[in-house]
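Visitor: The structure follows.
The values are calculated or read from the model by the stated rules, or taken from the named source; none is laboratory data. Predicted model only: the values in this text are computed from it and were never measured. FYI the Cβ positions are ideal-geometry reconstructions off the backbone, even for glycines, and counts take in every protein chain you see. Each accessible area value is taken on the protein alone, full model and side chains, heavy atoms only, with ligands, DNA and RNA left out. Shrake-Rupley method; radii C 1.70, N 1.55, O 1.52, S 1.80 Å.
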Amino acid sequence: MARLGMQHPIIQAPMAGTSTPQLAAAVSNAGGLGSVGIGAYGVEQAEQHVAQTHALTARAFNVNLFCHRNAAADVQREAAWLEYLAPEFERFGAAPPTALRCIYASAVGNPPLQAMLLRQRPQVVSFHFGLPEASFIEALRQAGTTTMACATSLDEALQIQQAGVDVIVAQGMEAGGHRGCFDPEQDRLLSSLALVQILVRHTRLPVVAAGGIMDGAGIAAALQVGACAVQMGTAFILCPESAASPAYRAELQSDRAYDTGITAAISGRPARGMVNRLHLLGRGYGQALPGYPMVYDAGKALHQAASAQGSSDYAAHWAGQGAPLARAMPAADLVATLARELNAQARA
Ligand SMILES: Cc1cc2nc3c(=O)[nH]c(=O)nc-3n(C[C@H](O)[C@H](O)[C@H](O)COP(=O)(O)O)c2cc1C
């Protein structure tokens, strides 16, 4: 972490759709490591995002890629899910889409995206949902880029180590946003502290703790069990530099923050967010869902129809179990506060 110029062991998590160049740069400029999540963008928009972050900070920052295996289209499953959701669209006088699209391209097997990263040369590149090709990891290594990958189990961590990635992000089940599992069917739902300890014991790589860490005491606990740093997402959502909507911010500051749950009904992959009507519809659906990101296409269409009428019943308001502890303050102040709290723990 020192070689990245970090003064504090704090990584602001990449949050596709919520993290921004302004947020990442503010965190890096304050001595942490900021991240931008470009998993939801096409190459052109992703490149603008990365270039904008470069323009806002001379310090290291992280760019995060989605490495999912594209689910095969399944017309029957997709039609059944859309039929199930049709009454929900009707509530807002809207019609469901006639078919679902694969709205996010994976970084795996994506030479234009990989070439963009090698051109833009962010100091850190991280992977979620799996790993890219060995050739891309090697090209990043040769370019002097530090790589990180998310593991939710020892098995995934060993694959990350074997692939020559530099750092493991140990994501516990407390975490907000998508579970980084390579295969969601194999999810063991380990908690952050247990996972960090297992990975520290059985791998040779530095381990970053992610999930439910909201303050200096949480950071100290993660460091105490062997993490080299923490990755915090939910704690940064209320920063003015994030792209969170007013409705998202209001919900995170309400009692709704006490009720988070993991659902695949919003995107097609399990993710933790504040429980809403779409979570509940998912729980009541007795059949197999279509794949990721096809389910997201339906969820976004439903959210668009509902939000136009002031409802966030179907929103992807991701948040971790620590959500009620989120604080609204500028990112630089939050990093300074976390560092101060961490130092106070060290002195105690
Ligand atoms: C709103 C939101 C969006 C997220 N998007 C991403 C993403 O694009 N890529 C990624 O690797 N992780 C993403 N995550 C997960 C984080 O990397 C991290 O695992 C998580 O935020 C840690 O848990 P915490 O939210 O309790 O701090 C996201 C998390 C949140 C809260």
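Visitor: Want the number for Gln76 to Ala247: 0.36 nm per residue separation, take away the alpha-carbon distance, what's left?
Guide: Extra length from Gln76 to Ala247 when fully extended: 58.1 nm.
Visitor: Keeping all protein chains in position, work out how much accessible area Thr20 exposes to a 1.4 Å probe, and write it in Å² to the nearest 10.
Guide: Only protein atoms counted, so the area is about 20 Å².
Visitor: Quick one: grab Rg to one decimal and Dmax as a whole number for the range 149-212, Cα atoms only, in Å.
Guide: 10.3, 28
Visitor: So, one more: Can you list the equivalent-ellipsoid semi-axes of the range 1-131, largest first and in whole Å, using the square root of 5 times each Cα gyration tensor eigenvalue?
Guide: 35, 17, 13
Visitor: Same structure, new question: Using θ = phi - 60° and the Karplus curve 6.51 cos²θ - 1.76 cosθ + 1.60, what whole-Hz ³J(HN,Hα) does each residue of the range 125-135 get, with Gly and Pro shown as x?
Guide: 10, 10, 10, 10, 6, x, 10, x, 4, 4, 5
Visitor: Can you tell me what the convex hull of the Cα atoms of the range 60-134 projects to on average, as an area in nm²?
Guide: Its Cα hull, projected and averaged over all orientations, spans 7.3 nm².
Visitor: To continue, here is another question. Under the Karplus relation 6.51 cos²θ - 1.76 cosθ + 1.60, θ = phi - 60°, what is the ordered set of whole-Hz ³J(HN,Hα) values for the range 53-62, x standing for Gly and Pro?
Guide: 5, 3, 5, 8, 8, 8, 8, 5, 9, 10
Visitor: Kindly sort Tyr285, Tyr258 by accessible area of their heavy atoms, largest first, with the probe set to 1.4 Å.
Guide: Correct descending sequence by accessible area is Tyr258, Tyr285.
Visitor: Taking amide H atoms as placed 1.01 Å from N in the peptide plane, list the residues 5 or more away in sequence, or in a different chain, whose amide H sits under 5 Å from that of Phe127.
Guide: Residues meeting the amide H criterion: Leu65, Met148, Ala149, Cys150.
Visitor: Can you give the FRET efficiency for Tyr258 and Ser135, using 1/(1 + (r/R0)^6), R0 = 45 Å, r = Cβ-Cβ distance, to the nearest 0.05? Write down the numbers at each step before the final one.
Guide: Values: r = 46 Å, r/R0 = 1.01.
After rounding, the FRET efficiency stands at 0.50.
Visitor: If you put +1 on each Lys and Arg Cβ and -1 on each Asp and Glu Cβ, how big is the dipole of the range 19-132 around its Cα centre, in Debye rounded to 20? All intermediate terms of the calculation are to be shown ahead of the outcome.
Guide: Values: 7 positive and 7 negative charges, 98 e Å.
Value, rounded to 20: 480 debye.
Visitor: Using the Kirkwood radius over Cα pairs, work out the Stokes-Einstein diffusion coefficient for the range 254-307 at 37 °C and 0.692 mPa s, in µm²/s as a whole number.
Guide: D = 287 µm²/s.
Visitor: A follow-up question, please. Whole number in Å², please: accessible area per residue of the range 93-231, 1.4 Å probe, ligands, DNA and RNA not counted. List each step's numbers first, then the result.
Guide: Values: 5650 Å² over 139 residues.
Each residue of the range 93-231 exposes 41 Å² on average to a 1.4 Å probe.
Visitor: Rounded to the nearest 10 degrees, what's the angle between the helix 294-307 long axis and the longest principal axis of the chain, both from Cα atoms, 0 to 90?
Guide: Long axis of 294-307 versus the principal axis of the chain: about 80 degrees.
Visitor: May I ask which residue of Ala298, Tyr104, Cys239 lies farthest towards the positive end of the charge dipole of the chain, with charges of +1 (Lys, Arg) and -1 (Asp, Glu) on Cβ and the Cα centre as origin?
Guide: Ranked along the dipole, the leading option is Cys239.
Visitor: Two-decimal Rg/Rh of the range 94-146 from alpha-carbon positions, Kirkwood Rh?
Guide: Using Cα coordinates only, the ratio equals 1.17.
Visitor: Something else: Can you tell me the orientation of helix 111-120 relative to the chain, as the angle in degrees between its alpha-carbon axis and the longest Cα principal axis, to the nearest 10?
Guide: 40
Visitor: Taking R0 as 30 Å, what's the FRET efficiency between Ala346 and Ala194 from their Cβ-Cβ distance, rounded to 0.05?
Guide: 0.80
Visitor: Scale the Cα Rg of the range 156-277 by the rule-of-thumb value 2.2 N^0.38 Å and send over the ratio, two decimals.
Guide: Rounded to two decimals, the normalised Rg is 1.11.
Visitor: For the chain, give the percent of accessible area contributed by carbon and sulfur heavy atoms, probe 1.4 Å, rounded to a whole number.
Guide: C and S atoms contribute 50 percent here.
Visitor: Could you work out the percent of alpha carbon pairs in the chain separated by over 25 Å, rounded to a whole number?
Guide: Numbers: 30128 of 60378 pairs.
Result for the distance tail: 50 percent.
Visitor: Oh, and also: Going by amide H atoms built from the backbone, whose H comes under 5 Å of the H on Ile11, apart from near neighbours?
Guide: Amide H neighbours of Ile11: Leu33, Val230, Gln231, Met232.
Visitor: So for Ile198, Ile11, what's the accessible-area order with a 1.4 Å probe, most first?
Guide: Result of the area sort, largest leading: Ile198, Ile11.
Visitor: Okay, moving on. For Ser242, what residues show an amide H to amide H distance below 5 Å, using hydrogens built from the backbone and excluding near sequence neighbours?
Guide: Residues meeting the amide H criterion: none.
Visitor: Computed from the mean reciprocal separation of all distinct C-alpha pairs, what Kirkwood hydrodynamic radius does the range 278-323 have, in Å?
Guide: Mean inverse Cα-Cα distance, inverted, gives 11.8 Å.
Visitor: Let me ask another. Sum -39500 (n - 2.57) across every DSSP H segment of at least 4 residues in the chain, then divide by the residue count to get the 222 nm mean residue ellipticity, nearest 500.
Guide: -11500 deg cm²/dmol
Visitor: Next up: If you line up the long axis of helix 192-202 against the longest principal axis of the chain, both from Cα atoms, how many degrees apart are they, to the nearest 10?
Guide: Compared with the principal axis, the helix lies near 60 degrees.
Visitor: Now for a different question. Rg over Rh of the range 210-348, using C-alpha atoms and the Kirkwood radius, what does it come to?
Guide: Over the Cα atoms of the range 210-348, Rg/Rh equals 1.04.
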